[in-house]
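Single-structure report; data block below.
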Amino acid sequence: MNFSYPLFTMPFIGIYLIVMAFLFGAIFASFITCTAWRVVRGEDWMLGHSHCDTCGHELSTADLFPIFSYLALKGKCRYCGSKVPPRDLIFEIILGLLFAGTLALHGQVDAVVVAALALEVLLLGLSLADWDSGVIPNGFLAAILVVWILTVGFRDDIQRYALEGIAASAAVGLVLVIAFVIAGKVKGEKLNYGPVKLAMCLMLFLGIRGACIAVAVGLVAGIIFAAACKSKKRKIALAPAISIGVIVAFLAKDVIAMLGV
Ligand SMILES: [Zn+2]
């Protein structure tokens, strides 16, 4: 076991950073769930105030504080008293825990962890958009590429990392394109290649080992999601399964490093 991580050598700062990570995760979740919702409905995703879906009343800053506003108002709109679905609250808690867990496992603040946190935010947004509309918006894919470009230069192992990422991206892309062409021929319809583009963007961040973990976990998650979609008679969304695979691969990398395997 290697405990020589800064978070473990300075426990108070470590705990402070992990609590902050949870809060930032919740704040980013609140922002990205709203963004995804607006993109799906074709609204301007930057401008405009959030409003209650039932009475349309504009929400104030006090109504928008992640988790706490929901609990303080007991899940009801302050203005009309209608029940607010707990979906956003659930994603705020999930992303908060994911941020805290990612930082705790990685043990230090660097380009690797910044890239992982940024990806987690974007993956939540595009998974929600895909689940609601069946389309992965290209804007999210462009943002993923920007995160890669901005963080790759700060890595110590830039050359090996970039080459492995590009190789993994090309390999997974090739396999998926062949699979999609065959599936399209069998079904007799033109398939949406959004999931292929998404997988290729994400593989840039993973080495060969990470890519294997992501593909394995993504496949299992995909089968579960497909079964859930079939039973609800809705279109199958692949982005959530791909996202889960990649996030598990990210976390597993740090667990492996910690165990010194
Ligand atoms: Zn209302």
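Once you've got the Cα coordinates, tell me which of K185/K232; K187/K232; K76/K232; K76/K197 are over 30 Å apart.
K76/K197
Within a straight-line Cα-Cα reach of under 18 Å, K233 can be paired with the following aspartates and glutamates, leaving aside sequence neighbours fewer than 8 residues apart in one chain: D130, D132.
What does the charge count near F28 come to, summing +1 for each Lys or Arg and -1 for each Asp or Glu among other residues with Cβ under 13 Å from its Cβ? Charge balance in the 13 Å sphere: -3. Note on R234: accessible area is roughly 80 Å² with a 1.4 Å probe, heavy atoms of protein only. Legend: Rg and Dmax of the chain, from Cα coordinates, 19.6, 59 Å.
For every other residue with a beta carbon closer than 14 angstrom to the beta carbon of D130, add +1 if it is Lys or Arg and -1 if Asp or Glu, then tell me the sum. Let's see the in-between values first.
Working: positive: K197, R234, K235; negative: D132.
Here the charged neighbours net out to +2.
A full extension of the chain between R87 and A171 corresponds to an added length of 26.6 nm, given 0.36 nm per residue minus the alpha carbon distance. For the residues G188, G222, G14, a GNM of the chain with alpha-carbon springs under 10 Å puts the largest fluctuation on G188. According to the square roots a ≥ b ≥ c of the eigenvalues of the Cα gyration tensor, what is the shape class of the stretch 157-261, taking rounded for a/c under 1.5, prolate for a/b larger than b/c otherwise, and oblate for the remainder? The shape class here is oblate. Once you reduce the stretch 75-110 and the stretch 187-236 to the center of their Cα atoms, the two points are 24 Å from each other.
Pop the C-beta distance of F65 and Y16 into the FRET formula with R0 = 22 Å and round what comes out to the nearest 0.05.
That gives a FRET efficiency of 0.65.
Taken over the C-alpha atoms, the stretch 1-135 has Rg and Dmax values of 17.0, 55 angstrom.
Structure remark: mean-square fluctuation, Gaussian network model of the chain, C-alpha springs under 10 Å; the largest value among A227, A199, A168 belongs to A227. Computed on protein heavy atoms with a 1.4 Å probe, the accessible areas place S82, S60 in the order S60, S82, largest first. Under the combined filter of DSSP loop state and at most 16 neighbouring Cβ atoms within 10 Å, the stretch 49-137 retains these chymotrypsin sites (Phe, Trp or Tyr not before Pro): Y79. Restricting the trypsin sites (Lys or Arg not before Pro) of the stretch 50-82 to loop positions (DSSP other than H, G, I, E, B) with no more than 14 neighbouring Cβ atoms within 10 Å leaves K74. Per-residue surface analysis assigns D130 an accessible area of about 10 Å², computed on protein heavy atoms at 1.4 Å probe radius. The residues packed around L95, meaning those with a beta-carbon under 11 Å from its beta-carbon, carry a net charge of -3 if Lys and Arg are +1 and Asp and Glu are -1. Candidate membrane-span-like segments in the chain, meaning DSSP H helices with Cα atoms spread over at least 27 Å of their own axis and a Kyte-Doolittle mean of 1.0 or above, are 11-40, 87-106, 111-133, 158-187, 208-231, 239-259, with no membrane implied. Taking label positions 7 Å along the Cα-Cβ direction at both V114 and D53, the computed distance is 3.5 nm, reported to one decimal. For the stretch 157-199, a simple Cβ point-charge model (Lys and Arg +1, Asp and Glu -1, everything else neutral) yields a dipole of about 240 debye relative to the Cα centre.
The values are calculated or read from the model by the stated rules, or taken from the named source; none is laboratory data. Just so we're clear, the structure is a prediction, and the values are computed from it rather than from any experiment. Every residue, glycine as well, gets a Cβ built from its backbone with ideal geometry; the counts of neighbours run over all protein chains shown. Accessible surface areas use protein heavy atoms only, side chains included; no ligands, DNA or RNA. Shrake-Rupley method; radii C 1.70, N 1.55, O 1.52, S 1.80 Å.
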